[in-house]
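Just so it is clear, none of the values below were taken in a lab; they were calculated from the coordinates. Computed from a predicted model, the values in this text were never measured in an experiment. Positions of Cβ are generated from backbone atoms using ideal geometry, with glycine treated the same way; all protein chains shown enter the neighbour counts.
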Amino acid sequence: MKKTATTTVGALSAAVLALTACGGGDAAAGDDEGFSLDVPDIPALEELGEPEGQVNIVAWPGFVEDGTNNPDADWVTEFTEQTGCEVNRRIGETSDQMVSLMRSGDYDLISASGDASLRLIAGGDVAPINLDLLENFDENIAEGMIGQVYDTINGDAYGVPLGRGANILQYNEDEVEEAPTSWDVTWEADSPYAGEIIAYDSPIYIADAALYLMHHEPDLGIENPYALDEEQLDAAVELLQQQNEIVSEYWALYTANVSSFQSGSSTLGTSWQVILNVLGDGYAGVLPEEGATGWSDAWMIHSESPNTTCAYLWMDWATSPEINAQIAQNFGMAPANTLACEGSRENEEHCEMFHATDEDYYSQVWFWTTPIEQCLDGRTDVTCTNYQQWTEAWARVKG
């Protein structure tokens, strides 16, 4: 599904530098007002009109399906029959690629992860969303997916939650006798699994190092893994370079993770629950004592979309319990609509597996958020490092 950096540093810098301070806030948890930043003044749609006949969507694989790949996965056909809106889908490969595609002006909607959303908001590429126009956005949306810093700015919602997941510690049970309780087995140079550790391939993975340091080197003062000053970033890079010496390989596509474990190249490392499900018997996953990073995806609408009514109709359709359940189960994530966890044993078992309604579980997960110069932890006495600097740092880690 996600995410490796393919866009050049120069292409990212304009949006990153556009994110300037307008106020403070606690980025660890969302609230009704969201986060305060100076962003372009773009109005939300006031009312729906006549459907325009089409909607163009760039989305992660498995999010927008018409039965072509799997006849049992089709929620596009009925949508078109009911609304008259033809759905044109482009599959996204990385967050950076999807940001570029949205900026081309060819797409009305994007399924954006948190490492993309602030860039789109700051660049004026997406518009606030009038949630009153979405019948299915109601009290049944998971509490932990509302008002988060990565999609709610200055009290305005820019995203309609779709689903979420944690970056778990996955391991081969035949090779790992006792279930790990800490990420230390993936970071420390003397790990017994040195040379057999798989790691995620993206600048946003710097947050995983920062999270580990937050718990094991408290003197660094890290309070949010996405809010790093230069000294904290240097410490994270040093840890990542240490890990680079004991990594078997890096992965961006989930298929690479699966093949690495199946071939025996990797014994443990960062993964997703959906990958663990594919691997099946003989493999397990845990949320270690330090917690984890994770991802939370949301629909976002282009600020100059010519197909706003069809776009809103799609967002509402995809947020309904039945369709949200199908999307979540097809891809492998926790649905945003908690009613998607009801109605059948399949729904219930899926939500239990992905901790869909377990806010205690997700309170330990730091969801991907674009690092910006305004410190997301509320500090005002330093300047934090931004996504451009993280991209440059990741290049140093990878050599």
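At a glance:
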| quantity | calculated |
| --- | --- |
| Pairwise FRET efficiency - Asp219 versus Glu392, Cβ, R0 = 22 Å, nearest 0.05 | 0.30 |
| Estimated distance in nm for a label pair at Ala194 and Glu304, the labels positioned 7 Å out from Cα along Cα-to-Cβ | 5.5 |
| Calculated FRET value between Glu139 and Asp74, using beta carbons and R₀ = 22 Å, to 0.05 | 0.15 |
| Cleavage-rule hits, GluC sites (Glu not before Pro), the range 110-182, DSSP coil, Cβ neighbours within 10 Å at most 10 | Glu135, Glu139, Glu177, Glu178 |
| Given charges at beta-carbon only (K, R positive; D, E negative), |dipole| of the chain in Debye | 1200 |
| Which of Thr270, Thr255, Thr338 has the fewest Cβ neighbours within 10 Å, and the rest in rising order | Thr255, Thr338, Thr270 |
| Most fluctuating residue given options Val176, Val126, Val39, as computed from a GNM of the chain linking Cα atoms under 10 Å | Val176 |
| Nitroxide proxy distance, nm - points 7 Å out along Cα→Cβ at Glu349 and Ile91 | 2.7 |
| Percent of beta bridges antiparallel (DSSP, the chain, rounded to nearest 5) | 60 |
| Over the chain: helical MRE at 222 nm, DSSP H runs n ≥ 4 each giving -39500 (n - 2.57), nearest 500 | -9500 deg cm²/dmol |
| Residue order, fewest to most beta carbons within 10 Å, for Asp190, Asp96, Asp38 | Asp190, Asp38, Asp96 |
| Charge dipole magnitude, Cβ of K and R +1, D and E -1 - the range 122-268, Cα centre, debye nearest 20 | 440 |
| Three-way shape label, the chain, alpha-carbon gyration tensor, a/c 1.5 | oblate |
| Estimated FRET transfer efficiency (Glu177, Ala256; beta-carbon r; R0 25 Å; 0.05) | 0.45 |
| Residue with peak Gaussian network fluctuation, the chain [Cα springs, cutoff 10 Å], from Leu240, Leu279, Leu109 | Leu279 |
| Convex hull volume per residue in cubic angstrom - Cα atoms of the range 145-237 | 147 |
